[in-house]
1. Return the long-range amide H neighbours of Ala7 (sequence gap of 5 or more, or a different chain), with a cut-off of under 5 Å between placed amide H atoms.
2. Do any trypsin sites (Lys or Arg not before Pro) in region 24-71 lie in a DSSP loop with no more than 14 other beta carbon atoms within 10 Å, and if so, which?
3. Find the centroid of the Cα atoms in region 136-200 and in region 204-268, then give the distance between the two in whole Å.
4. Could you pull out the chymotrypsin sites (Phe, Trp or Tyr not before Pro) across region 1-93 that fall in loop regions by DSSP (anything but H, G, I, E, B) with no more than 12 other Cβ atoms inside 10 Å?
5. Could you report the accessible area of Glu246 in Å², rounded to 10, computed with a 1.4 Å probe on the protein chains as they sit in the structure?
6. Based on Cα positions only, what radius of gyration and what Dmax would you give for region 58-199, in angstroms?
7. Relative contact order of the chain, please, whole-number percent, based on alpha carbon pairs below 8 angstrom and at least 6 residues apart.
8. In square nanometres, what is the average projected area of the Cα convex hull of region 31-96?
Amino acid sequence: MTRPSWAPEGIDLERPSASRVYDYFIGGLHNFEIDRALAEQLAAFSPSIPETMRANRELLRRCVRFLAESGIDQFLDIGSGIPTVGNVHEVAHAVDPSARVVYVDIDPVAVAHSGAILDGDPNAAVIHADAAEPAKILADPQVRALIDFDRPVAVLLLGVLHFLAEDADPAGCVAVLREAVAPGSYLAITHATLDGQPAEVLEAQKLSGRTSTEIVLRTHEQISTYFDGWTLLEPGVVHLPLWRPEDPADVGENPWESGAFGGLARKD
Ligand SMILES: C[S@@+](CC[C@H](N)C(=O)[O-])C[C@H]1O[C@@H](n2cnc3c(N)ncnc32)[C@H](O)[C@@H]1O
């Protein structure tokens with residue numbers, strides 16, 4: 001197939017990618033037939049997947065708006081994805097146009113497209129890096145240029161820690177980030193789970209191995225430990241629609257069917 005202009009040279013067009021599958025689910029346009037085919041297979045095993053992805057993106061918007069309205073003006077968004085509507089810098093800038101945002105992703109399409117969208121924006125940048133290497137992210141010159149770690153910052157790990165296998169030590173990675181940020185900083189996490197899900201979800205999880213980033217489903221207890229050393233804000237680590245819904249009608253009848261948990265915490 002021919003490479004569209006938004007896809008950087010060298011990417012494997014024959015292999016689906018997690019960021020492009022997610023982009024497809026949330027209504028973006030930066031995905032290939034091979035991504036859409038995997039997305040449809042995933043949805044066949046787990047019909048709630050498209051809704052979970054949309055619920056994740058909705059939580060991102062609610063969370064960033066809350067943080068910006070709470071006075072946070074620096075955001076480090078790790079596993080930021082392919083930009084689509086309601087990106088972190090747009091939500092934050094609607095509250096505070098001077099807010100600074102650094103996007104971090106391992107996917108070349110996500111990085112290239114973010115770069116194109118942010119071109120000329122002095123308050124936002126994107127870097128290509130691995131969430132499993134937080135020290136490198138923290139030392140990156142573009143991160144250092146935009147984010148002052150002596151002041152509170154929001155670290156967003158939305159929909160990304162489930163791409164880190166245990167040997168990548170996700171808990172250790174979060175701990176490195178916690179050590180680096182100033183008191184008053186925040187940590188937001190969303191993470192896929194098998195809790196409350198039909199067993200077929202395990203088939204969907206195996207299918208995700210066709211991308212270069214297979215998903216690891218974790219329990220509520222495991223996901224909650226990532227907040228060790230932080231003070232969790234209400235309502236704690238909950239199914240995505242239950243995290244501070246703007247309208248009770250948004251919660252739906254079976255929020256526990258959401259295949260992911262989310263939470264927000266502060267460093268005191
Ligand atoms: C499900 S999307 C989430 C996007 C966005 N954070 C959101 O919540 O809407 C997950 C993103 O994490 C990225 N990702 C996966 N593994 C990663 C890693 N080890 N380091 C950095 N990014 C990673 C993928 O490329 C993808 O863009």
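1. For Ala7, no residues qualify.
2. none
3. 14
4. Trp6
5. Solvent-accessible area, nearest 10 Å²: 120 Å².
6. 14.5, 47
7. Details: 498 pairs, mean separation 51.2, N = 268.
Relative contact order of the chain: 19 percent.
8. Working: hull surface 19.9 nm².
Across all orientations, region 31-96 yields a mean hull projection of 5.0 nm².
The values are calculated or read from the model by the stated rules, or taken from the named source; none is laboratory data. This one's a predicted model, so the numbers in the text were calculated from it and none came from an experiment. So basically every Cβ, Gly included, is an ideal-geometry build from the backbone, and we count neighbours across all protein chains shown. All accessible areas refer to the heavy atoms of the entire protein, side chains included, with ligands and DNA or RNA removed. Shrake-Rupley method; radii C 1.70, N 1.55, O 1.52, S 1.80 Å.
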